[in-house]
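FYI, it's all coordinate maths here, none of it is from the lab. Treat the numbers as computed from the prediction; the structure is a model and nothing was measured. Glycine gets a Cβ as well: all are built from the backbone with ideal geometry, and neighbour counts include every protein chain shown.
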Amino acid sequence: VEDRGFDDIKVRGATQAEKRQLPEEIRRAFTADEMQRFFDTPLFTGYKNPRERSKPGKMMLRLPDAWFFIIIAHTGARIAEIASAPATLKFLGDIPCLDLIDAGSKTQNARRLVPIIPDLRRLGFIEYAEAQAKAGKALMDPPAGPKITADAWSKRLNRYIRDVGFTDDALVAY
């Protein structure tokens, strides 16, 4: 058979509905009880040390890992967006906002400012962001060492979920 442009044929990507059918793509939200249980884990209540953050201990300094989970829970932002977000907050009038204008690129509406809600303010998020900015770091840069990629953050956060006893593979950080 004569080749009539077969090289130009591209495989179609899976639709969102098709992706939901693939076992590796199925995710579910945490229930309210699971959220309570999760936020009662050592990362939020006291951990042994930064390398053993899933083991109970007396350290209470809020690690970037904890902020990552808190930001996801309070904003719905994607891991890749948070991982690349600047620490410097933008203001809409007097409302501080997380700047996802350059970080959000997955969809047409991804480029946005996300208001810092009162719960995040009470938890000290504004002070955390200001300290990161003052240190010349991005929002989720660790205090020491190299920047962590979005893929590495995803693996790290999901590993923590498993380390603290959640065994359902459909429960992931995002």
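In terms of its C-alpha gyration tensor, segment 123-174 comes out prolate, because a/c is 1.5 or above and the ratio a/b outweighs b/c.
If you plug the beta carbon distance of THR31 and ARG121 into 1/(1 + (r/R0)^6) with R0 = 30 Å, you get a FRET efficiency near 0.70. Please go through the residue pairs LYS10/LYS147; LYS55/LYS90; LYS48/LYS155; LYS58/LYS90 and name each one whose alpha carbons sit more than 27 Å apart in this structure. Listed pairs above 27 Å: LYS10/LYS147; LYS55/LYS90; LYS58/LYS90. When only Cα pairs below 8 angstrom with a gap of at least 6 residues are kept, segment 47-149 shows a relative contact order of 24 percent. Checking every one of the chymotrypsin sites (Phe, Trp or Tyr not before Pro) in segment 37-80 against DSSP loop status and a limit of 16 other Cβ atoms within 10 Å picks out PHE39. Taking a ≥ b ≥ c as the square roots of the eigenvalues of the alpha carbon gyration tensor, segment 31-90 is oblate, as a/c is not under 1.5 and a/b does not beat b/c.
Which of the peptides 76-84, 119-127 is most tightly packed, and how do the rest follow, judged by the mean count of other Cβ atoms within 10 Å per residue? Each step should come with its number before you reach the end.
On the way: 76-84: 20.6, 119-127: 14.3.
Top of the packing list down: 76-84, 119-127.
On the beta carbon distance between ASP94 and LYS48, with R0 = 35 Å, the FRET formula returns roughly 0.30.
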